[in-house]
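Written below as structure tokens is the structure these notes are about.
The values are calculated or read from the model by the stated rules, or taken from the named source; none is laboratory data. From a predicted model like this one, the values you see are computed outputs, not experimental measurements. No Cβ is skipped: glycine too gets one built from the backbone with ideal geometry, and neighbour counts run over all protein chains shown. Note: accessible area is taken over every heavy atom of the protein model, side chains too, but ligands, DNA and RNA are not part of it. Shrake-Rupley method; radii C 1.70, N 1.55, O 1.52, S 1.80 Å.
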Amino acid sequence: MAPNDRSLPRPLLIALIALPLLLVAGVGTLGLLYGSTGSAPAGSTPTPIRTGPVALPPIPAEQAGSPACGKLVQALPKELTSNGEQLGRREIVAPAPEGTMVWGNEKRDPVVLRCGLGKPDELKPDSRLSEISGVRWLELPGQGASSWVAVDREVYVVLTVPGGSGTGPLQGVSESIRATLPEQKVDTGTAPR
């Protein structure tokens, strides 16, 4: 990594972005297993509780407080559609990191957006990009979730989507990105943005 390169290594980026998903599932499982009765009902399968504020650990995002991220966060939809289900905005545990938004419901792990992160190491001249609703995305597959990085705007936007969510969350967020942040040439070089 070059001395001026502010990007995070892929394993660290994926771990930090996926941590809220694992935290929600773990806390929910513990709540079901050790709730008010002290044990789960016989023969039941624990279902994680997916309500209440979501804890987002802070990660380096130097542009999270930028006007571009502020404008995007204000324009994000109140709900996203995921496989026909509506995911409403979720509260983030204070202090909420700048440039973030979370959607979810009691049935699904949250969808997490972070704006203003550094350029991903995986973005290379030969990277396979997907265009969704006019925005170019780089997929960073993970275990149980994928992180998608919008790479054609003045700031990098990362959307972490649980497996099985379909393309609805990406489409909804892409529409807001397209409407608020002007398209720019994708920077596949090694120089920091």
Here is a list of conditions, (1) surrounded by fewer than 21 Cβ atoms within 10 Å (Cβ to Cβ); (2) part of a strand (DSSP E or B), and THR160 meets all of them except one; can you say which number that is?
(1)
Are there any pairs, at least 6 apart or on different chains, whose C-beta atoms fall under 7 Å, with the first in the stretch 165-191 and among the small types (Gly, Ala, Ser) and at pLDDT 95 or above and the second part of a helix (DSSP H, G or I) and buried (at least 18 other Cβ atoms within 10 Å of the Cβ), and if so, which?
SER176/LEU72
Step by step: first the residues of the stretch 63-107, then only those that are touching an Asp or Glu at 6+ places or on another chain (Cβ under 9 Å) and in a loop (DSSP other than H, G, I, E, B), then the one that is most open to solvent (accessible area, probe 1.4 Å). Which residue is that?
LYS107
Would you mind telling me which numbered condition in (1) within 23 Å of GLY189 (Cβ to Cβ); (2) open to solvent by less than 40 Å² (accessible area, probe 1.4 Å); (3) under 14 Å from the mean Cα position of the chain (by Cα) VAL135 fails?
(3)
